[in-house]
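For reference, the structure is listed below as structure tokens.
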Amino acid sequence: MDALISVIGIAAAVVMLLVATASALLARSSDIAAAWRGERATVLFVVSTQRWRRIMVRVCGGVMLLVGVMNLLAPITRPEDSPARRLVGMGALLVGVSLLWLAHGMSRMRLEVAPQAVFVSRGFLPPIRIELADITRLRPHAAHRYSGVLAKCERRTAFTATSAMTGYGQLLAHLKAERPDLFGPGGFR
């Protein structure tokens, strides 16, 4: 029974890593990604999560992964240990893999701003091209303690950016210069 718990935990972690790898490969090989790579030279600046946040999530994921592996493999040398240790190891292993997956997605989540378009990359998906002319409305994005901006194309959300992201000020200045009609006297429209 104890060996089964260890095998299930390791198999689940391997499946999660394979899914992440497959989705990243599919996103990079799409036609949209190929078109984006052709226009990437026109990118003026990038808006993304702060690097220290990604590193912190990645370090926590690595520590949890290590704790999980240690707790799954320790009963091999000490068979008298409780089966609960294997369950803790399996849980820590899955949390560690999830955090590493999240950190990788955070590093790919970005807005690449070109003169007349914004390329929106969301995690493992291929980038989406949003024309600045297609943006119909900007709204304050106050879903959490970091304020930000929410860009809409008709009813659909084109992209969001928070003030905690690097390049946020440049994004607002660029939008104000290219599309002053989106900014009212008190801020966004």
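The values are calculated or read from the model by the stated rules, or taken from the named source; none is laboratory data. The structure displayed is predicted, hence computed values, not measured ones. Quick note on the areas: whole protein, heavy atoms, side chains included, nothing else; ligands and nucleic acids left out. Shrake-Rupley method; radii C 1.70, N 1.55, O 1.52, S 1.80 Å.
Points to keep in mind about this one:
- Distances between placed amide hydrogens fall under 5 Å for residue 137 paired with 152, 154, all partners being 5 or more residues away or on another chain.
- Taking amide H as placed 1.01 Å from N in the peptide plane, residue 179 has no amide H partner under 5 Å among residues 5 or more places away or on another chain.
- Using θ = phi - 60° and Karplus 6.51 cos²θ - 1.76 cosθ + 1.60, couplings along region 159-175 (whole Hz; Gly, Pro as x): 6, 10, 8, 10, 5, 7, 8, 6, x, 5, x, 5, 4, 4, 5, 5, 5
- Computed accessible area, residue 80, all protein chains, 1.4 angstrom probe, square angstrom: 140 Å²
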